[in-house]
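To keep things clear, I will list the structure first and then write my remarks on it.
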Amino acid sequence: MIDVDADGPARVDGRSARAERTRTAIVDAHLALIDEGDLRPTGERIAERAGVSLRTLWTNFKDMETLFAATGRRVSERQESMVRPISPELPLTRRIGEFSVQRARMLEVLAPSARASALREPFSPQLRRNREGNIARVRGEIETVFGPELAHAGPEREQLLDALTVASTWSTWSMMRDAMGLDVEAARATLTRILGALLVDAIAAGLR
């Protein structure tokens, strides 16, 4: 007769839960340091903040690239929790206003991580993939919110979509906030103006 250890699965589940809590603590520590202005936190500082040993950090994340991937997913979850559907059937002016307000909030949440990523992106394939994912998400949102106008643009659709995406992503927001020193409301108003100009111009071009 085989003696089956009834507690085996429970022990495995317990270890998995502890490992997941440890990984969560490490990712939280990484983001907390970045949010506080430490844009290039070392493994030592992350481990200390998470309350784990450096060995434990690298047991759970084999290198910084895997930590960047996990942190990128967490930032995406933060942003996605803020997304509220904007119906493409609303009047254009209202859609532009609601979209601009929502993007401003999301880009401010992204800001610390985006500034930190910019320092390491040239040397990190994972951070570049994170950025590509962010761009793809906003591009998809634009296709939904401004679908009628994009359809109206006909052969200029892709160019209009590219222009709207450029206006709505971190690089443009960083120029307004960091390079030009605009406050959040002024940057949001500028984004609204850019989107409005692009969309109204596209509509007018379609009527010519």
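The residues of region 144-208 expose, per residue, 54 Å² of accessible area to a 1.4 Å probe. Here the accessible area is traced with a 1.4 Å probe on the protein chains. For the chain, carbon and sulfur cover 56 percent of it.
Cα centroid distance between region 37-86 and region 89-148, in Å? Cα centres, region 37-86 to region 89-148: 20 Å. Modelled label positions at ASP13 and SER124, each set 7 Å beyond Cα in the direction of Cβ, lie 3.6 nm from each other. Normalising the average separation of contacting C-alpha pairs (under 8 angstrom, six or more residues apart) by the number of residues puts the relative contact order of the chain at 19 percent. Values (1) 16.8; (2) 15.5; (3) 10.1 are given for comparison; mean projected area of the Cα convex hull in nm², derived from the coordinates here, is the one labelled (1). In plain terms, the chain from ARG115 to ALA204 could stretch by 28.3 nm, reckoned as 0.36 nm per residue minus the Cα-Cα distance. If you plug the beta carbon distance of ARG193 and GLU20 into 1/(1 + (r/R0)^6) with R0 = 41 Å, you get a FRET efficiency near 0.35.
Annotation for ASP63 and GLU143: the two label points, set 7 Å from Cα along the Cα-Cβ direction, are 3.2 nm apart. Think of each Lys and Arg Cβ as +1 and each Asp and Glu Cβ as -1; about the Cα centre, that makes the dipole of the chain roughly 200 debye.
Rounded to whole numbers, the Karplus 3J(HN,Hα) couplings from phi for region 199-205 are 6, 5, 4, 5, 5, 4, 5 Hz, using 6.51 cos²θ - 1.76 cosθ + 1.60 with θ = phi - 60°, and x at Gly and Pro. Computed from Cα positions, the angle between helix 92-120 and the longest principal axis of the chain comes to roughly 40 degrees. With protein chains left intact and a 1.4 Å probe, residues in region 53-135 average 54 Å² of accessible area per residue.
First measure r as the distance between the Cβ atoms of LEU90 and GLU36, then evaluate 1/(1 + (r/R0)^6) with R0 = 30 Å and state the FRET efficiency to the nearest 0.05.
0.20
Positive end of the dipole of region 92-195 (Cβ unit charges, origin at the Cα centre): among ALA111, ILE142, GLY97, the Cα lying farthest that way belongs to ALA111. Within the shell of other residues whose beta carbon sits under 12 angstrom from the beta carbon of VAL145, the net charge comes to 0, with Lys and Arg scored +1 and Asp and Glu -1.
3J(HN,Hα) along region 52-69, derived from phi through the Karplus expression 6.51 cos²θ - 1.76 cosθ + 1.60 where θ = phi - 60°, amounts to 10, 7, 4, 4, 5, 4, 7, 6, 7, 10, 5, 6, 5, 4, 5, 5, 4, 5 Hz, with x in place of Gly and Pro. In a reduced charge model with +1 at each Lys and Arg Cβ and -1 at each Asp and Glu Cβ, region 136-181 shows a dipole moment near 140 debye about its Cα centre.
The values are calculated or read from the model by the stated rules, or taken from the named source; none is laboratory data. Quick caveat: nothing in here was measured; it's all calculated off a predicted structure. Ideal geometry is used to build each Cβ from the backbone, glycine not excepted, and the neighbour counts take in all protein chains shown. All accessible areas refer to the heavy atoms of the entire protein, side chains included, with ligands and DNA or RNA removed. Shrake-Rupley method; radii C 1.70, N 1.55, O 1.52, S 1.80 Å.
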